[in-house]
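Student: Following this message is one structure expressed as structure tokens.
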Amino acid sequence: MSSKILLLEDDLLLCETIADLLEDEGYEVTQCKNGQEVLDLTYKERFDLYLLDINVPIINGLDLLKELRLSNDKTSTIFLTSHKEQEMLSIGFLHGADDYIKKPFDSYELLLRIKAVLKRYKGDENECIGQLCNDKNRKRIHYKQKELDLSQKEYALLSLLMKNANEVVTKEMIVYELWNNNEDVSDGAIRVYINRLKHFLDEGMIENIRAVGYRLVLQS
């Protein structure tokens, strides 16, 4: 399975050049031209690596990574930076960056750095119960060897159910795991995510425990 890379670069020619290079190496590349576009996209899709330019419109790369980390997005990140931006990189590393590469860069060096970061995080934390497998590094869950198309909250919820397989997961546990303290959450909102997960799994795998919570029924 090819790795998915999100590329943030507002220089359209450079963006196309990098995307072509990566796609020739077998990577699946999604291009973005501003930070807000990235933020919106990451709520819908998951990626294996972020390549982020720093000086981009709306939300710059440094603030963008901070927002992603605050939302518990731990996706590996490499900054693309000009020489004058290097002094800001300490902020990027404090926000959770894994590496950086200075513009203009050599194509071979870029590919080496990408491969090194992906290798560092790939496949170290796989948890399988029955036919459900959770790739924690990539934040993806497979059922019967097929990847499930989950949102971030759906992934977090199914991970919680897997962690407590065959045990009751209370509504309070779900709210604590999926939402911030200042967010109001209704039982209806939880049911929406539970019903979505039921759609991906076999009938009866997720049981409703009336007025308490839910249970994922699995054979280990």
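Student: I need the full set of residues from segment 1-30 which are closer than 19 Å to Glu67 by Cα and in a strand (DSSP E or B), in order please.
Tutor: Those that are closer than 19 Å to Glu67 by Cα and in a strand (DSSP E or B): Ile5, Leu6, Leu7, Leu8.
Student: Would you pick out the residues in segment 123-152 that are at pLDDT below 85, within 16 Å of the chain's Cα centre (by Cα) and not in a loop (DSSP other than H, G, I, E, B)?
Tutor: Scanning segment 123-152 gives Asn126, Asp135.
Student: Among (1) surrounded by fewer than 17 Cβ atoms within 10 Å (Cβ to Cβ); (2) of a type outside the set (Lys, Arg); (3) part of a loop (DSSP other than H, G, I, E, B), there is one condition Glu172 misses while meeting the rest; what is its number?
Tutor: (3)
Student: Right, here's the next one. When you go through Leu80, Leu64, Leu68 one by one, which is the residue that is hydrophobic (A, V, I, L, M, F, W, C), within 21 Å of Lys119 (Cα to Cα) and crowded, with 19+ Cβ neighbours inside 10 Å?
Tutor: Just one listed residue meets the conditions, Leu80.
Student: Within the group Gly96, Gly130, which residue is within 24 Å of Glu207 (Cβ to Cβ), in contact (Cβ under 8 Å) with a residue 24 or more places away in the chain and surrounded by 15 or more Cβ atoms within 10 Å (Cβ to Cβ)?
Tutor: One residue alone meets the criteria, Gly130.
Student: Look at Arg120 and say whether it is in contact (Cβ under 8 Å) with a residue 24 or more places away in the chain, assigned to a helix (DSSP H, G or I) and farther than 20 Å from Glu207 by Cβ.
Tutor: Here the answer is yes, as Arg120 does meet what is asked.
Student: Can you confirm whether Tyr155 is assigned to a helix (DSSP H, G or I) and under 30 Å from Arg215 (Cβ atoms)?
Tutor: yes
Student: For the subset of segment 57-75 comprising residues that are assigned to a helix (DSSP H, G or I) and of a type in the set (Lys, Arg), which member is farthest from Leu178 (Cα to Cα)?
Tutor: Lys66
Student: Please find, within segment 1-12, the residue that is surrounded by the most Cβ atoms within 10 Å (Cβ to Cβ) out of those that are aliphatic (A, V, I, L, M) and closer than 22 Å to Ile59 by Cβ.
Tutor: Top of the filtered list is Leu8.
Student: Assuming Leu52 fulfils every condition listed in (1) crowded, with 18+ Cβ neighbours inside 10 Å; (2) in a helix (DSSP H, G or I) apart from one, which condition is it?
Tutor: (2)
The values are calculated or read from the model by the stated rules, or taken from the named source; none is laboratory data. As the structure is a computational prediction, the values presented were derived from the model and not from experiment. Cβ atoms come from the backbone with ideal geometry, glycine included; neighbour counts cover every protein chain shown.
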